[in-house]
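Chemist: Below is the structure I would like to discuss, written out as structure tokens.
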Ligand SMILES: [Zn+2]
């Protein structure tokens, strides 16, 4: 029996887009050359990050990409009870072609082992990489098109080859797609969900709706780029602010059209992809954006961050609701998130987090005081 009189009880939050293993440890003598980073330290750091996520009321996360098989290891350590953390559903390095996001090095260098992309320039190479990642235990494959959506870097036939191979092995497929053509191709090729979709046109969204494919707009990240850009200026940020302004306008349109067309929208944030996307305070920001731009009611937005997000962690109908027979992931809040959705963005508002029927110790403030051991993944 838990006395929660005067409190607000809801399922644990689910973030459909968080990264745990991006970036390099900030250590003396390791600020030059990205080849000096190490999987061992990165794994421990990812495990530490997972603690922070759980202590902000997020009991499940979908991790679309990271270094090595770091996230697979953290997922399994949590499952085995070696460490505390949210339920984790993860991909590994994202499959990219020349010119895709995360193809950062000159072609004679390619994508080194410690990078978060893996170059595959033919459908055959992609299928081989899918098989390799499946062998190492990923829950889904992450494909990635161009960074901001300027060009389409992966052909529909290549996406279809990945989907065919992954689905045959009971592994799902998600894609980073900000562009128009890539979003349409991904929908037609049958991916399980599309991340971003910024520049999708009416016709692209019709293809998405027709295929019954879910989207994870991740507007939180684009909003944060604009906010952070205003704070520090274009020189201090590696992303074009003008381009992201354009993409935010696209996303507002996508959110409104998706709702009208009955496309299922899942809530993700991209926390952990840059040092200025910290864990803890942004995992429910997408709910605020859905209300502000997408015409959602507060309860609909909460449902989007809980029940509707269960698909992104492979646990549809098992998590994201408070119901007998479902997984016992529960949060209790000191303030009313329906009156002000931003309540969910402040861990100090949490009275209790329960994951799998077990109470999480929120008194341990060490997670908040952790030093920032992070520098950008992308130089
Ligand atoms: Zn991401």
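The values are calculated or read from the model by the stated rules, or taken from the named source; none is laboratory data. Predicted, not measured: the structure shown is a model, and the values here were computed from it. Heads up, the Cβs are rebuilt from the backbone with ideal geometry, glycines too, and the neighbour counts pull from every protein chain shown.
Chemist: Does segment 210-231 include one or more residues that are touching a helix residue (DSSP H, G or I) at 6+ places or on another chain (Cβ under 6 Å), farther than 26 Å from residue 339 by Cβ, part of a helix (DSSP H, G or I) and within 16 Å of the ligand (Cβ to nearest atom)?
Modeler: yes
Chemist: Still on this structure, please answer the following. Identify all residues within segment 167-181 that are within 16 Å of the ligand (Cβ to nearest atom) and under 17 Å from residue 203 (Cβ atoms); write none if there are none.
Modeler: 177, 178, 179
Chemist: Separate question: Only one of 138, 130, 63 is within 15 Å of the ligand (Cβ to nearest atom), buried (at least 24 other Cβ atoms within 10 Å of the Cβ) and within 22 Å of residue 214 (Cα to Cα). Can you tell me which? Quick ask: steps written out before the conclusion?
Modeler: Working: 138 fails: within 15 Å of the ligand (Cβ to nearest atom); 130 fails: within 15 Å of the ligand (Cβ to nearest atom).
It is 63.
Chemist: If you don't mind, there's one more thing I want to ask. Being touching a helix residue (DSSP H, G or I) at 6+ places or on another chain (Cβ under 7 Å), crowded, with 21+ Cβ neighbours inside 10 Å and modelled with pLDDT under 95 is the requirement here; does residue 46 meet it? So that I can check it myself, show each step before the final result.
Modeler: Numbers: touching a helix residue (DSSP H, G or I) at 6+ places or on another chain (Cβ under 7 Å): yes; crowded, with 21+ Cβ neighbours inside 10 Å: yes; modelled with pLDDT under 95: yes.
So residue 46 fits the description; yes.
Chemist: For segment 103-117, does any single residue satisfy the condition of being part of a strand (DSSP E or B) and either more than 14 Å from the ligand (Cβ to nearest atom) or closer than 25 Å to residue 286 by Cα (or both)? So that I can check it myself, show each step before the final result.
Modeler: Filtering segment 103-117 for residues part of a strand (DSSP E or B) gives 117.
Okay, now just the ones that are also either more than 14 Å from the ligand (Cβ to nearest atom) or closer than 25 Å to residue 286 by Cα (or both), so none.
No, that holds for no residue.
Chemist: Additional query: Under 7 Å between Cβ atoms, which residue pairs at least 6 apart in sequence (or on different chains) link something in segment 43-70 that is touching a residue at least 12 places away in the same chain (Cβ under 8 Å) and over 18 Å from residue 315 (Cα atoms) with a partner that is away from the ligand (no atom under 16 Å from the Cβ) and assigned to a strand (DSSP E or B)?
Modeler: 55/353
Chemist: If you don't mind, there's one more thing I want to ask. For segment 260-282, check the following and say yes or no: at least one residue is in a helix (DSSP H, G or I), crowded, with 21+ Cβ neighbours inside 10 Å, modelled with pLDDT of 95 or more and touching a helix residue (DSSP H, G or I) at 6+ places or on another chain (Cβ under 8 Å). I'd like the intermediate steps shown before the answer.
Modeler: Taking segment 260-282 as the starting set, the residues that turn out to be in a helix (DSSP H, G or I) are 260-261.
Then keep just the ones that are crowded, with 21+ Cβ neighbours inside 10 Å; that gives none.
The answer is no, given that none of the residues of segment 260-282 is in a helix (DSSP H, G or I), crowded, with 21+ Cβ neighbours inside 10 Å, modelled with pLDDT of 95 or more and touching a helix residue (DSSP H, G or I) at 6+ places or on another chain (Cβ under 8 Å).
Chemist: Identify all residues within segment 135-152 that are free of Cβ contacts under 8 Å to residues at least 40 places away in the same chain and closer than 19 Å to residue 100 by Cα; write none if there are none.
Modeler: 150, 152 - these are the residues of segment 135-152 that are free of Cβ contacts under 8 Å to residues at least 40 places away in the same chain and closer than 19 Å to residue 100 by Cα.
Chemist: Which residues, counting only those in segment 274-289, are touching a strand residue (DSSP E or B) at 6+ places or on another chain (Cβ under 9 Å) and farther than 15 Å from residue 13 by Cα?
Modeler: Listed by number, the residues that qualify are 275, 277, 278.
Chemist: For segment 1-39, which positions are closer than 15 Å to residue 68 by Cβ, more than 16 Å from the ligand (Cβ to nearest atom) and at pLDDT 90 or above?
Modeler: Within segment 1-39, no residue meets the criteria.
Chemist: Against the condition more than 27 Å from residue 12 (Cβ to Cβ), surrounded by 22 or more Cβ atoms within 10 Å (Cβ to Cβ) and away from the ligand (no atom under 13 Å from the Cβ), how does residue 200 come out, does it pass?
Modeler: Working: more than 27 Å from residue 12 (Cβ to Cβ): yes; surrounded by 22 or more Cβ atoms within 10 Å (Cβ to Cβ): yes; away from the ligand (no atom under 13 Å from the Cβ): yes.
Here the answer is yes, as residue 200 does meet what is asked.
Chemist: Let me ask something else. Out of everything in segment 233-250 that is modelled with pLDDT of 90 or more and loosely packed, with under 11 Cβ neighbours inside 10 Å, what residue ends up being farthest from residue 180 (Cα to Cα)?
Modeler: The residue in question is 233.
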